[in-house]
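Asker: So that we are looking at the same thing, I have put the structure below in structure tokens.
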Amino acid sequence: MRWMEEHGDTEVGKPKQYVPPITQEEMDKLNSIGFVWSCLTEPNLGWDAYFEELVEYYKEHGHCHVPQSYKGRKNLGRWVMRQRCQYTDKQKGKLKPGSVLMSD
């Protein structure tokens, strides 16, 4: 606990690496090549684009049990997992505001 009070984290013995803030010039350079600033691993393609990918997966594999590790073109496995989690949350009355389930 003392380490946390003095250093602000629990990374005992690890030196903190200084990362200087990004400059406007650096941001402009990245923007000029279409850099995506979102920390998400996939772009926001919309529900319908993922659904279309799932339909193609179903046609090829005969099921919708897409492994989370399956990347496909759009990280389909992660999207399917999120749909299942949202469905479960809705069944339990826990669906977050703004969440979209197309069955509604």
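Asker: Just checking, does region 77-90 include any residue being at pLDDT below 75, open to solvent by 80 Å² or more (accessible area, probe 1.4 Å) and either within 30 Å of Glu26 (Cβ to Cβ) or in a helix (DSSP H, G or I) (or both)?
Answerer: No, region 77-90 contains no residue that is at pLDDT below 75, open to solvent by 80 Å² or more (accessible area, probe 1.4 Å) and either within 30 Å of Glu26 (Cβ to Cβ) or in a helix (DSSP H, G or I) (or both).
Asker: Here's something else I'd like to know. Is it the case that some residue within region 61-72 is assigned to a helix (DSSP H, G or I), modelled with pLDDT of 90 or more and open to solvent by 70 Å² or more (accessible area, probe 1.4 Å)?
Answerer: Yes, region 61-72 has at least one match.
The values are calculated or read from the model by the stated rules, or taken from the named source; none is laboratory data. None of the values given here were measured: they were computed from a predicted structure. Counting neighbours? That spans all protein chains shown, and the Cβs are built from the backbone with ideal geometry, glycine included. Only protein heavy atoms, including side chains, enter the accessible area calculation; ligands, DNA and RNA are left aside. Shrake-Rupley method; radii C 1.70, N 1.55, O 1.52, S 1.80 Å.
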